[in-house]
1. Would you check if there is a residue in the range 99-108 being touching a residue at least 60 places away in the same chain (Cβ under 8 Å) and under 17 Å from Ala169 (Cβ atoms)?
2. Sort through Val97, Val92 and tell me the only one that's within 25 Å of Ala157 (Cβ to Cβ), outside any helix (DSSP H, G or I) and open to solvent by less than 70 Å² (accessible area, probe 1.4 Å).
3. Report whether or not Ser81 is of a type in the set (Ser, Thr, Tyr) and surrounded by 12 or more Cβ atoms within 10 Å (Cβ to Cβ).
4. When Tyr115 is evaluated against the numbered criteria (1) of a type in the set (Ser, Thr, Tyr); (2) closer than 30 Å to Asp164 by Cβ; (3) under 31 Å from the mean Cα position of the chain (by Cα), which criterion, by number, is the only one it fails?
5. Please verify whether Arg148 is open to solvent by less than 80 Å² (accessible area, probe 1.4 Å), at pLDDT 80 or above, touching a Leu at 6+ places or on another chain (Cβ under 9 Å) and basic (Lys, Arg), treating the condition exactly as stated.
6. Going residue by residue through the range 172-193, is there one that turns out to be in a helix (DSSP H, G or I), modelled with pLDDT of 85 or more, aliphatic (A, V, I, L, M) and open to solvent by less than 70 Å² (accessible area, probe 1.4 Å)?
7. For Ala126, work out the one condition from (1) open to solvent by 60 Å² or more (accessible area, probe 1.4 Å); (2) out of contact with any strand residue (DSSP E or B) (no Cβ under 9 Å at 6 or more places or on another chain); (3) in a helix (DSSP H, G or I); (4) not polar (S, T, N, Q) it doesn't fulfil.
8. For the range 58-67, check the following and say yes or no: at least one residue is under 23 Å from the mean Cα position of the chain (by Cα), without any contact (Cβ under 8 Å) to a residue 24 or more places away in the chain and open to solvent by 80 Å² or more (accessible area, probe 1.4 Å).
Amino acid sequence: MGYATPIRAPEQVEYRLAENCGCDQSVDSQVEYRLAAANDLRWIGSGLAEFGLVAGAVVDPDAARALMDGRDPRTNEQLVSRKKVLDPRGKVVARVVVDAIRESAAADGMTAAEYLGNDRLAARFARAERGIHRDGEGHLLPVADAERLAAAAGLSADTLYGADVIAEATKWKGHHVDVGLRGVDVTGELVKSRSQSVST
């Protein structure tokens, strides 16, 4: 059986470079004995030559960090653009403002788009509705968008969410976080019958 774990955060890279991580530990005493002299991480793959690295050689942690960050380990040139998104801490739950606008519009016998009175805001409101339909209660909205939608509807974001929630989200407004895929950790696990044959 095998497992594939996406590696996105630098901390995941560091965990794997520390050779005492769980994926490097053997639970079979016979296999552990046979591997006792080979605990160093080793490079594998023919593509390494492109970066001046040799398959079978001991992994250079700095080179590994560079590759996992999409950089050439020799020149530090960025080869792959990192994918970044708005920090979730700068967002609020979309449903709160969406439901409030719907209720206000319905009370005046209008659609939300009519009530907002602005094509761009109506389009942003529609996107938020689609997001809620797709993600449910977990769909988040950038705090700046929530404030603009609320203001256009004559509502207060502070009142809808609470001043503390808005103040905290505002601290992270415009801040981005890296969510790009750095690599994949592939782990193989021998079935019991196979592991027994290895130890005999």
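The values are calculated or read from the model by the stated rules, or taken from the named source; none is laboratory data. Keep in mind that this is a model prediction, so the values were computed, not measured. Here the Cβ is made from the backbone with ideal geometry for all residues, glycine too, and neighbour counts use every protein chain on show. The protein model used for the area step is the full one, side chains on, heavy atoms only, and it has no ligands, DNA or RNA in it. Shrake-Rupley method; radii C 1.70, N 1.55, O 1.52, S 1.80 Å.
1. Restricting attention to the range 99-108, the residues satisfying the condition of being touching a residue at least 60 places away in the same chain (Cβ under 8 Å) are 100.
Adding the requirement that they be under 17 Å from Ala169 (Cβ atoms) leaves 100.
Yes: the range 99-108 contains one or more residues that are touching a residue at least 60 places away in the same chain (Cβ under 8 Å) and under 17 Å from Ala169 (Cβ atoms).
2. Details: Val97 fails: outside any helix (DSSP H, G or I).
Being within 25 Å of Ala157 (Cβ to Cβ), outside any helix (DSSP H, G or I) and open to solvent by less than 70 Å² (accessible area, probe 1.4 Å) holds for just one of Val97, Val92, which is Val92.
3. Values: of a type in the set (Ser, Thr, Tyr): yes; surrounded by 12 or more Cβ atoms within 10 Å (Cβ to Cβ): no.
So Ser81 does not fit the description; no.
4. The one condition Tyr115 does not meet is (3).
5. Values: open to solvent by less than 80 Å² (accessible area, probe 1.4 Å): no; at pLDDT 80 or above: yes; touching a Leu at 6+ places or on another chain (Cβ under 9 Å): yes; basic (Lys, Arg): yes.
Here the answer is no, as Arg148 does not meet what is asked.
6. Looking for residues that are in a helix (DSSP H, G or I), modelled with pLDDT of 85 or more, aliphatic (A, V, I, L, M) and open to solvent by less than 70 Å² (accessible area, probe 1.4 Å), one finds none in the range 172-193, hence no.
7. Among (1) open to solvent by 60 Å² or more (accessible area, probe 1.4 Å); (2) out of contact with any strand residue (DSSP E or B) (no Cβ under 9 Å at 6 or more places or on another chain); (3) in a helix (DSSP H, G or I); (4) not polar (S, T, N, Q), the lone unmet condition for Ala126 is (1).
8. yes
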